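The values are calculated or read from the model by the stated rules, or taken from the named source; none is laboratory data. Because the structure is predicted, anything quoted here is derived from the model rather than measured. Note: ideal-geometry Cβ built from the backbone for every residue, glycine included; neighbour counts use all protein chains shown.
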């Protein structure tokens, strides 16, 4: 449903990176697909906006692709962690808005965290469609893809739903969605310290109010969930 609104770069076109690049393109995003291997780049020539064969460890190459202007960069380099790290350094120096990097081991995750990378993919998260959903719709925290284009999604409430009762929003009537439950952020005193926790509301009632710090969990078609987020943001 998204028009050419977002622009992403995917660096590293193994199986994982290729799936992300293709899925993002299918969802209407402009994608720069980057790899050192011309064979891998050529394989995506008909699937993405701009396939580029280059070495991402050279900052001049990143500058040549105006990488600082993209909405996010996905670093899907799997086998050469040194190249991934050097690319991260360059992306940070170019002030790229959002960097999502792959960590194959706990040690790699720790190194990336210490470098200041906030979004790190673990092997168990390596499903291209999930990463693409996270990029296209940042308000969708996690989702479970089901058959026939249905999914269960955890969503940060869009701003137009804040401080409204569930009955005012029309999940089912307007958006054809089933609201499963709400997760509410809370502060509790534990051992004399204020600790952030959350609680499940249970089966929501029509007069329950949705707050900006809540997480709403819905079931419905992917296209209807996207429509709900877009129309209420």
- prompt: Restricting to strands (runs of 3 or more DSSP E) lying wholly in segment 146-233: which have 2 or more residues that are within 26 Å of residue 136 (Cβ to Cβ) and modelled with pLDDT of 85 or more?
  reply: 178-190, 215-221
statement: All conditions in (1) touching a helix residue (DSSP H, G or I) at 6+ places or on another chain (Cβ under 8 Å); (2) exposed (fewer than 15 other Cβ atoms within 10 Å of the Cβ) are true of residue 33 except (2)
Qualifying residue in segment 89-100 (condition: buried (at least 19 other Cβ atoms within 10 Å of the Cβ) and in contact (Cβ under 8 Å) with a residue 40 or more places away in the chain): no
- prompt: Across segment 31-53, what is the number of residues that are in a strand (DSSP E or B), over 9 Å from residue 13 (Cβ atoms) and within 21 Å of the chain's Cα centre (by Cα)?
  reply: 3
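For residues that are more than 13 Å from residue 100 (Cα to Cα) and surrounded by 14 or more Cβ atoms within 10 Å (Cβ to Cβ), tally how many sit in segment 60-77.
Our first condition is that a residue be more than 13 Å from residue 100 (Cα to Cα); within segment 60-77, this holds for 60-69.
Those still in the list that are surrounded by 14 or more Cβ atoms within 10 Å (Cβ to Cβ) too: 61-62, 65, 67-68.
Result for segment 60-77: 5.
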- line: Condition set in a loop (DSSP other than H, G, I, E, B) and at pLDDT 90 or above, scope segment 78-96, selection nearest to the chain's Cα centre (by Cα): answer is 96
